[in-house]
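S.K.: Before I ask anything, here is the structure I am working with.
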Amino acid sequence: MTDTETLNVYAQKAQDYADLTVEGTRKDKQLLGFLAALPPGGTVLDIGCGPGHASGQIAQAGFRVIAMDPVREMVDLAEQQNGVSATQGTFDDVTSTDCYDGIWANFSMLHVPRADVPRHLRAIATALKPGGVFHIGVKLGSGEKRDPIGRLYTYFTEPELETLLGDVNLTITDRSYGSDKGLDGVMADWICLRAYG
């Protein structure tokens with residue numbers, strides 16, 4: 001994610017976003033299912049970690065977590081979570097091979113330009129250990145557009161997302177759907193998929 005306007009919104013509203021998402025993360029069934037699928041003591045990359053709420057829960061559950069976000073203000077918040085090592089970076093910084101037992105990309109890839117999504121998913125599949133667990137959450141829809149506060153979104157249909165994951169040999173095992181109000185105050189439909197390498 002390199003869109004300057006999107007990054008600036010998150011930088012300016014980092015604490016607002018942290019306050020908005022903290023309660024939902026505590027009750028996140030997708031996160032609990034993801035954690036249950038990991039090997040004990042495994043290593044997890046939280047890419048687009050935001051304020052680090054999920055990273056904190058991953059660490060508390062006994063896993064080694066590397067949190068990454070392109071926004072310095074978000075990294076600073078994530079660093080405040082016990083057991084979390086946070087660094088500033090984007091999907092372009094996922095360059096390792098067979099490194100992670102799990103990768104958590106929860107509503108972060110939706111800010112990536114559509115043309116870049118296939119190569120980022122290839123990098124994620126490569127970075128996962130064999131049998132590693134991948135979680136992705138995105139907003140449902142089509143096309144790309146800015147929301148009312150200026151963030152650039154790439155929307156996905158379920159079949160499109162299935163194809164993208166299949167193209168990098170990630171096998172989908174779990175699906176969740178919902179609708180929530182985001183930082184922009186607008187209700188939006190979403191999908192979360194869990195897949196294995």
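Only the coordinates and a few stated rules stand behind these numbers; no lab work does. Note that the structure is predicted; figures quoted are calculated from it, not measured. Cβ: placed from backbone, ideal geometry, glycine included. Neighbour counts: every protein chain shown.
S.K.: Grab the DSSP H runs of the chain that are 4 residues or longer, score each as -39,500 (n - 2.57), total them, divide by all residues and round the 222 nm result to the nearest 500 deg cm²/dmol.
M.R.: That calculation yields -9500 deg cm²/dmol at 222 nm.
S.K.: Working out 0.36 nm times the residue gap between Lys29 and Ser96, then minus their Cα-Cα distance, what length gain in nm do you get to one decimal? Please list the in-between numbers first.
M.R.: Working: separation 67, 0.36 × 67 = 24.12 nm, distance 2.83 nm.
Full-extension gain reported as 21.3 nm.
S.K.: In addition: Under the definition of Cα pairs under 8 Å and six or more residues apart, what whole-number percent is the relative contact order of segment 85-128?
M.R.: Reported as a whole number, the value is 63 percent.
S.K.: Under a point-charge model restricted to the Cβ atoms of Lys and Arg (+1) and Asp and Glu (-1), what is the dipole moment magnitude of segment 4-196 relative to its Cα centre, in debye to the nearest 20?
M.R.: 240
S.K.: Do any chymotrypsin sites (Phe, Trp or Tyr not before Pro) in segment 1-80 lie in a loop, going by DSSP, with at most 11 other beta-carbon atoms within 10 Å of their beta carbon, and if so which?
M.R.: none
S.K.: Given (1) 18.3; (2) 16.5; (3) 17.4 as candidate values of Kirkwood radius over Cα pairs in Å, which corresponds to the one derived from the coordinates?
M.R.: Label of the calculated value: (2).
S.K.: Just add up the charged neighbours of Val133: K/R +1, D/E -1, any other residue whose Cβ is under 12 Å from the Cβ of Val133.
M.R.: 0
S.K.: Could you state the number of Å between the C-alpha centres of segment 92-121 and segment 131-197?
M.R.: 12
S.K.: Using the Cα centre of segment 24-135 as the reference point, and only Cβ charges (+1 on K/R, -1 on D/E), how large is the resulting charge dipole? Debye, rounded to the nearest 20.
M.R.: In total the dipole reaches around 360 debye.
S.K.: Can you give the relative contact order of segment 4-196 as a percent, counting alpha carbon pairs under 8 Å and 6+ residues apart?
M.R.: For segment 4-196, the relative contact order is 18 percent.
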